[in-house]
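The values are calculated or read from the model by the stated rules, or taken from the named source; none is laboratory data. The shown structure was predicted, so the numbers you read here are calculated from the model rather than taken from an experiment. Here the Cβ is made from the backbone with ideal geometry for all residues, glycine too, and neighbour counts use every protein chain on show.
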Amino acid sequence: MTRDNRFSPLAIPIIIGIALQILFIFPDSRDTPTKAVTEFAEAYFTADRSMIERLCDQSKTVNDIDVVARYIEAKSKEAQDRGFGMFYLRNKVYDLRTHIISRDDSSVKLHLTGKVKPPLKAFFTGEGYRSIDEIVTVVNEYGKWKVCGNIFSLAEL
């Protein structure tokens, strides 16, 4: 008598899928300059305090003032003055693209482009996309890539 093994055709694709997922985890966990810039941009436009993890030490403070705290405070005050919560001023980042302009051992200069749209506000006001077009310097600081300089005019608030 032959034994009917109806589960083997299903088991092989599942095993291959698990193996591919394990293989894809390693490249995604690697820290790169483009990953640093995209993580910073997403945190900046959503007014998330986690952007400080991707800022270099010299860009975190200007005249002994925490620029990230000041930026988030200004955004929340703007929302409060308009009578809204902070969610109203958060933006969604779309189609982020980076292009390396120059590179050396410890720094990379990138051209960042993309689009920003406030999801809730755009629904009620019909406001469209704003373009992102920035030149960003990324430095390797303590073994991790971090954004340096006055990106998106963060320090000018």
Suppose the filter is more than 19 Å from Glu141 (Cβ to Cβ), touching a helix residue (DSSP H, G or I) at 6+ places or on another chain (Cβ under 7 Å) and either acidic (Asp, Glu) or buried (at least 16 other Cβ atoms within 10 Å of the Cβ) (or both); does Leu89 pass it? yes
Could you check segment 40-55 and list, in sequence order, the residues that are more than 9 Å from the chain's Cα centre (by Cα) and under 15 Å from Arg70 (Cα atoms)? Thr46, Ala47, Asp48, Arg49, Ser50, Ile52, Leu55
Would you be able to say whether some residue in segment 149-157 is at negative phi, of a type outside the set (D, E, K, R), within 14 Å of the chain's Cα centre (by Cα) and modelled with pLDDT under 90? yes
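Rundown of residues vs (1) touching a helix residue (DSSP H, G or I) at 6+ places or on another chain (Cβ under 9 Å); (2) surrounded by fewer than 13 Cβ atoms within 10 Å (Cβ to Cβ); (3) over 25 Å from Tyr129 (Cα atoms); (4) at pLDDT 85 or above, yes/no style:
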{"site": "Val37", "(1), (2), (3), (4)": "yes, no, no, yes"}
{"site": "Tyr44", "(1), (2), (3), (4)": "yes, no, no, yes"}
{"site": "Ala47", "(1), (2), (3), (4)": "yes, no, no, yes"}
{"site": "Glu53", "(1), (2), (3), (4)": "yes, no, yes, yes"}
{"site": "Cys56", "(1), (2), (3), (4)": "no, no, yes, yes"}
{"site": "Val62", "(1), (2), (3), (4)": "yes, no, yes, no"}
{"site": "Ile72", "(1), (2), (3), (4)": "yes, no, no, yes"}
{"site": "Phe84", "(1), (2), (3), (4)": "yes, no, no, no"}
Has segment 107-119 got any residue that is free of Cβ contacts under 8 Å to residues at least 24 places away in the same chain and among the small types (Gly, Ala, Ser)? no
Is it fair to say Ser102 is touching a strand residue (DSSP E or B) at 6+ places or on another chain (Cβ under 9 Å) and buried (at least 17 other Cβ atoms within 10 Å of the Cβ)? no
For residues that are acidic (Asp, Glu) and either farther than 29 Å from Val147 by Cβ or not in a helix (DSSP H, G or I) (or both), scanning just segment 1-39, find the one that is nearest to the chain's Cα centre (by Cα). Asp31
Looking only at residues in segment 40-85 that are in a loop (DSSP other than H, G, I, E, B) and of a type in the set (Gly, Ala, Ser), which one is nearest to Lys144 (Cα to Cα)? Ala47
Return yes when Asp81 is acidic (Asp, Glu) and under 22 Å from Val136 (Cα atoms) and no when it is not. no
